Ligand SMILES: [Zn+2]
């Protein structure tokens, strides 16, 4: 019955298209021919308002803001707020507790070893010989994605592609049944893939790699897009001792020369706005060469811009580099919109833009302005707990791993030595909670009853997997993080890390500002509702009805 209905709808839209001149296709009753998902790695929601007066194009961020819908209180409902869980949660409508991607890497309690989120030893690299960089697939993701559901609803005729600088940024959004996922290899400066998707790169990817765009982008250097006075008025100082120097210790401020990296270091482009150009150009090549959005079966193009994350980690959210990165991303988005209008046609596609996580202020910047915050150190915690166990005549191997704010116990060893969970929990918690940066240590299996505000303890519950999470979760005080002497990071359950943008534009989208709270897990159910297809298998979100016609 559903299939017949699907055919009828398909015929109807074909007929109505035949009767309507292409330029007049303003109807919103037809389904979009293409869904474009844009992840901006490490984008804080407040950047939109902060940088809005300086966006030089009306057709980038402002096309979303003025002609589409903006969800202003879109939150991450789980921990940790890092890249892989962010990409997985948006495209599955679920959280690490269900989709299993509990971190960029995790300590697996069954395997008793650390696993990288998209590692897959059963596949080999495509587009680069003998490298481990392509031994990747979505096999560690436990649920279907929106792309998988589009495939199921179309008898696998929907075309689904993922493109990013980061492997996890391309693979997790593209899902299990994708046609292709392509990510950047920093050794060769080329986009690669794995045999999970096919034996060879598509011709257009090989052609694009042949241009070796990274070299021509390097020759341009990184110069400010706007007058110096704009950055002086809106940002911290250009040069600060608490910023990192990813483009060389001798280069501490604008302008940045990049030509010295030609033929020597193809990883550096990720820490400049030009990383986005590579992803954008690959996306444009995919649109044309894979004929995305050219028929009535909806396709999915999942793009993830990783460079804002590299830039943000090094320079922080208040830097000239971050502001200039977003001024340039605005132009890059306008270029993408122009390509979509040309290739697919205005009103034939739907775009959403969101982030995998936001970011905290650099602790030393916060301190300079008398704001609370600071560093906690995982190596110091490891040392402290090792000494604590030895002092209490306990085997330090009972703690098998510490990482991503989790402490993992070795239960087999605890059982054989007759040490109870309660005893170890109490010992470790009492010790760590004396640390000035630590608010509380939560026993993860009992997180639902932890003495924390409900919305925060739910984030721990939503992040918890018995196989891939620790026994204890360290809740830092707001503004505290496991970071470095320079730069900043993200990962905590607070809204500095968890409040992210959500912008919509195109077919089926109602213009407006939505201020009620929603979650990143609502995106996939909203797309499902828009397309009239099933939600991903582990989805826990709700469709955001305010953005749909
Ligand atoms: Zn990051």
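Each reported figure results from applying straightforward, stated rules to the coordinates on display, with no laboratory input. Predicted, not measured: the structure shown is a model, and the values here were computed from it. When we count neighbours, we look across all protein chains shown, and the Cβ atoms used for this are built from the backbone with ideal geometry, even at glycine.
Once the Cα-Cα distance is subtracted from the 0.36 nm per residue extended length, the residue 413 to residue 291 segment shows a gain of 38.3 nm. Shown for 120, 295, 482: other C-beta atoms within 10 Å of each C-beta, ranked fewest to most, produce the order 295, 120, 482.
Just report the Cα centroid separation between segment 156-176 and segment 509-549, whole Å. The two parts, judged by their Cα centres, are 20 Å apart.
Here the residues 207, 321, 281, ranked from fewest to most Cβ neighbours within 10 Å of their Cβ, fall in the order 207, 281, 321. Remark: 87, 490 ranked as 490, 87, counting other beta-carbon atoms within 10 Å and listing the fewest first.
The distance separating the Cα centre of segment 390-461 from that of segment 69-96 comes to 26 Å.
With 0.36 nm allotted per residue and the present C-alpha distance subtracted, the residue 200-residue 383 stretch has 61.1 nm of extension available.
For segment 46-79, the residues whose amide N sits under 18 Å from a probe point set 7 Å from the Cα of residue 517 along the beta carbon direction are 46, 71-79.
The largest-to-smallest principal axis extents of the Cα set in segment 408-549 are 61, 36, 27 Å. Diffusion coefficient of segment 20-122 by Stokes-Einstein, Kirkwood radius over Cα pairs, 4 °C, 1.567 mPa s: 75 µm²/s.
Relative to the longest principal axis of the Cα atoms of the chain, the long axis of helix 320-343 lies at roughly 30 degrees. Each residue, residue 390 and residue 426, gets one label point 7 Å from its Cα in the Cβ direction; the gap between the two is 2.5 nm. Given the C-alpha centroids of segment 468-505 and segment 226-247, what is the distance between them in whole angstrom? Between the Cα centres of segment 468-505 and segment 226-247 lies a distance of 23 Å. The equivalent ellipsoid of the chain has semi-axes of 38, 28, 23 Å, largest first, where each one is the square root of 5 times an eigenvalue of the Cα gyration tensor. The label point for residue 264 and the one for residue 433, both projected 7 Å from the Cα toward the Cβ, are 5.3 nm apart. Ranked from largest, the principal axis spans of the Cα set of segment 276-331 equal 44, 15, 14 Å.
Across segment 374-477, Cα pairs under 8 Å and at least six residues apart give a relative contact order of 28 percent. In plain terms, the chain from residue 237 to residue 46 could stretch by 66.8 nm, reckoned as 0.36 nm per residue minus the Cα-Cα distance.
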